[in-house]
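Below is one structure, written out as structure tokens; comments come after it.
The values are calculated or read from the model by the stated rules, or taken from the named source; none is laboratory data. This structure is a prediction, so every number in the text was calculated from the model and none was measured. Neighbour counts run over all protein chains shown; Cβ positions are idealised from the backbone, glycine included.
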Ligand SMILES: Nc1ncnc2c1ncn2[C@@H]1O[C@H](COP(=O)(O)OP(=O)(O)OP(=O)(O)O)[C@@H](O)[C@H]1O
Ligand SMILES: [Mg+2]
């Protein structure tokens, strides 16, 4: 890029040369127009450090909204409040949309899965080697310094020690105090946004927990995510997306989506442990496009992805039989 500038960031003790450059705009403007988000410029005034370029997602796959305007709702929330929360069952496209929003905004994405046993050291930083010579910023500290979107996935699974450190930072004009590094104070970058996501809390979702109250209070906007097609509600957009991605006829695509919609209904009632996402449907459809019958292809994809439990797998096979009307989907003894 032509507009490179070099700056020196002198953090207490740390010397770092960061090369700044202007975000590439190719394709981004058309995405902004497509999702109606031109007026929410989250990257306004942001100079992307050269070293962070690789963290800006590129070429996120097409995201189908079917009238839900999720992209606009998220970008509006970030524009006005700097942070928002996404709630929805597994596979409803929460992670996908966060990548898309980062791409559209030209901002680096700092992704943290709070369900994994990530330590305070990984997230905030640590000294390496002997003495206090080499400090390495953790992901959250880097986000705070350099800006971008901090994506806290499975936020309700966050460990208490991490949540306690994060709380003050989630006040929009918050800052971080690095107690482990001579109390260095790092103000939250003006282009520092936070998206948290989680599965809805309910008895059926094994392992889910209610969100920490201090965290809940700091989120201004909550966006509910749902599958495009559930039960008798079929989304033509989902049918078209799957048919186009896997190159199968629309009628076949519709059948697959009908199966998925039924499984999702059962999942939402707590009768299945998992329901297929758009991505799972595409996998199923790709095998169908290669010549397998829908039920044979489902054995390797849909049935197995739902559960290892033979009983649960049989429930999926029954739905397949019911909707596809096939006889080759043997319910296994
Ligand atoms: N509306 C959509 N348009 C296009 N693809 C979608 C859509 N929703 C989901 N997908 C696809 O379905 C798959 C699952 O989506 P994703 O991983 O974003 O779900 P999630 O909500 O983050 O799930 P989890 O709660 O398990 O993390 C991905 O392959 C994603 O690209
Ligand atoms: Mg996800």
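Can you tell me which residue within the range 103-115, out of those that are under 26 Å from residue 34 (Cα atoms) and without any contact (Cβ under 8 Å) to a residue 60 or more places away in the chain, is farthest from ligand 2 (Cβ to nearest atom)?
Taking the range 103-115 first, the residues under 26 Å from residue 34 (Cα atoms) are 103-111.
So of that shortlist, the ones also without any contact (Cβ under 8 Å) to a residue 60 or more places away in the chain come out as 109-111.
Working: 109: 13, 110: 15, 111: 9 Å.
That would be 110.
Please find, among 48, 31, the residue that is surrounded by fewer than 20 Cβ atoms within 10 Å (Cβ to Cβ) and more than 16 Å from ligand 2 (Cβ to nearest atom).
Testing whether each residue is surrounded by fewer than 20 Cβ atoms within 10 Å (Cβ to Cβ) and more than 16 Å from ligand 2 (Cβ to nearest atom) leaves just 31.
Return the total of residues in the range 147-174 being surrounded by fewer than 24 Cβ atoms within 10 Å (Cβ to Cβ), more than 15 Å from ligand 2 (Cβ to nearest atom) and in a helix (DSSP H, G or I).
10
Only one residue in 248, 242 is at pLDDT 95 or above, in contact with a helix residue (DSSP H, G or I) (Cβ under 7 Å, 6 or more places away or on another chain) and not in a helix (DSSP H, G or I), so which one is that?
The unique qualifying residue is 248.
Tally the residues that are surrounded by fewer than 17 Cβ atoms within 10 Å (Cβ to Cβ) and within 15 Å of ligand 2 (Cβ to nearest atom), restricting the search to the range 80-94. Step through it out loud before you land on a result.
So the first thing to find is which residues in the range 80-94 are surrounded by fewer than 17 Cβ atoms within 10 Å (Cβ to Cβ), and the list is 80-81, 90.
Filter once more, keeping what is within 15 Å of ligand 2 (Cβ to nearest atom): 90.
The number of residues fulfilling the criteria is 1.
Conditions tested, residue by residue: (1) away from ligand 2 (no atom under 16 Å from the Cβ); (2) outside any helix (DSSP H, G or I).
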position	(1), (2)
62	yes, yes
78	yes, no
96	no, no
101	no, no
117	yes, yes
127	yes, yes
142	yes, no
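Search the range 128-139 for residues being closer than 14 Å to residue 179 by Cα and touching a residue at least 24 places away in the same chain (Cβ under 8 Å), and hand back the single one that is surrounded by the most Cβ atoms within 10 Å (Cβ to Cβ).
Checking each candidate, the answer is 135.
If only one of 246, 289, 260, 296 is crowded, with 21+ Cβ neighbours inside 10 Å and on the phi < 0 side of the Ramachandran plot, which one is it? Full working, then the answer.
Working: 246 fails: crowded, with 21+ Cβ neighbours inside 10 Å; 289 fails: crowded, with 21+ Cβ neighbours inside 10 Å; 296 fails: crowded, with 21+ Cβ neighbours inside 10 Å.
Checking each option against the conditions leaves just 260.
Rundown of residues vs (1) outside any loop (DSSP other than H, G, I, E, B); (2) within 16 Å of ligand 2 (Cβ to nearest atom); (3) more than 23 Å from the chain's Cα centre (by Cα), yes/no style:
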site	(1), (2), (3)
219	no, no, no
258	yes, no, yes
265	yes, no, no
280	yes, yes, no
292	no, no, yes
